[in-house]
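One structure is given here, and the rest of the page talks about it.
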Amino acid sequence: MSRLHPTSSRAFSRGISLIEIMVGMAIALVATLVIFQVFSQTSSSNRTTSSGNEAQISGNIGMFQMERDLKAAGMGFGTLSNAGGGCTVSALNSAGVAFNFPLVPVLITPGVAGVPDQIDVLYGNSSYLIADRGFGSGTPYTVTTVSSGGIQQGDLVVLTDSGKPPTVCELAEITKNSNADGLTVEHALGGYTDFYSGTVVAAAKHNLAHAAPLNANGVLYDLGPSPDPIHSSVPQAALNQWRVSNGSLTISNALGSGVATPVAEGIVHFMAQYGVDDGAGGATAGDGVISPSEWTTNAPANWSQVLAVRFALLARSPQAEKTAVTIAAPVWASGANTFTMLNLDGTPGAVGAIAAGTPWDANDWRYYRYRVFESVVAMRNMLWPKCYPVACS
């Protein structure tokens, strides 16, 4: 009978060899590299998506705010005649600084050498008077109107004088409307009781630089409360100036403090045009239709022919890509207009299409994604009083 010899346990306790450890580490390293590569691509894709969402949100906010402003353009002076349109208004802002502005609903200042355009929007916000009032006589401190009803103490009014060539205009603050004749309103220095707050305030918008009396046959337009802190709870007059500055769309009220406030980040360019029914380029004048040739950045000769304003905002995503992703400058107005692309340092970028995936170069604008937001806004406050394009009956 054979004897069974027990197998030594040494053969089963040798452990893992160095080669096996190195193979395992190599496999783990490859797996780690794959995981990090997938994570990096996913993270980059997420950043691109989120930055695109930011551009989408900023563009929509900016477009909505500008649309709302432009829809109010001309409120309070929509019956303005072409003779008075464009007159230079002598004014003071809330800080007492003298400045001038044209009496037009919208003023477009085209940018030079690729700089974004600028646009000023003027409108009143009176809750009591939106029609014009003629006046028969005036001095630097009083105006005798056909009726002072609806003109409140604390309102800003524009006094246009059609008796002088060229037309003289002045922005004045109404300080008294309680004269016994029911016609005369005053715009003098000193304290008065503000209608909207019920408190005594000091007149701040009486421009002493305008010393000459206004002639007869002028027209008064009431813009409503002055844009001051005391009127913060009521709608106010506005000369809103829209600008693109430091990668943001900003707004400032020139009748108030004039301080620019950011509205939407990531807006790098802005363009605007008037729609003027003047027959330019062979179109039919006065047909109530804006033909492609009737869109222009030039100030119109006849403001009553301005039917609409169109504008476009260019939003840029904050995410820079490793290779070129925008191969040609964005366009708007169905390709009729092209944005001048600006590099990060503000210099105009090179034009012309390039191949996608081009490595990074000096034209760094190409390595960002863009969205164009555009709209057309009718100048309804300027159209309705005139029954345009036919005469009111």
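The values are calculated or read from the model by the stated rules, or taken from the named source; none is laboratory data. Quick caveat: nothing in here was measured; it's all calculated off a predicted structure. Counting neighbours? That spans all protein chains shown, and the Cβs are built from the backbone with ideal geometry, glycine included. We work out accessible area using only protein heavy atoms, side chains counted, and drop any ligands, DNA or RNA first. Shrake-Rupley method; radii C 1.70, N 1.55, O 1.52, S 1.80 Å.
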Residue list for region 51-79, restricted to those being surrounded by fewer than 22 Cβ atoms within 10 Å (Cβ to Cβ) and of a type in the set (Ser, Thr, Tyr): 51, 79
Residue in region 93-104 that is on the phi > 0 side of the Ramachandran plot, in a loop (DSSP other than H, G, I, E, B) and surrounded by fewer than 22 Cβ atoms within 10 Å (Cβ to Cβ) present: yes
Subset tally (residues that are within 27 Å of residue 69 (Cα to Cα) and open to solvent by 40 Å² or more (accessible area, probe 1.4 Å)) for region 319-344: 6
Unmet criterion (only one of (1) over 30 Å from residue 117 (Cα atoms); (2) in contact with a strand residue (DSSP E or B) (Cβ under 6 Å, 6 or more places away or on another chain)) for residue 190: (2)
Region 105-138, residues that are of a type in the set (Val, Ile, Thr) and either part of a strand (DSSP E or B) or buried (at least 22 other Cβ atoms within 10 Å of the Cβ) (or both): 106, 108, 109, 119, 121
Members of region 150-187 that are assigned to a loop (DSSP other than H, G, I, E, B), modelled with pLDDT of 85 or more and either open to solvent by 10 Å² or more (accessible area, probe 1.4 Å) or farther than 14 Å from residue 220 by Cβ (or both): 150, 152, 153, 154, 175, 177, 178, 179, 180, 181, 182, 183
Every residue from region 345-386 that is modelled with pLDDT of 75 or more, part of a strand (DSSP E or B), open to solvent by 50 Å² or more (accessible area, probe 1.4 Å) and of a type outside the set (Lys, Arg): 348, 374, 376, 378
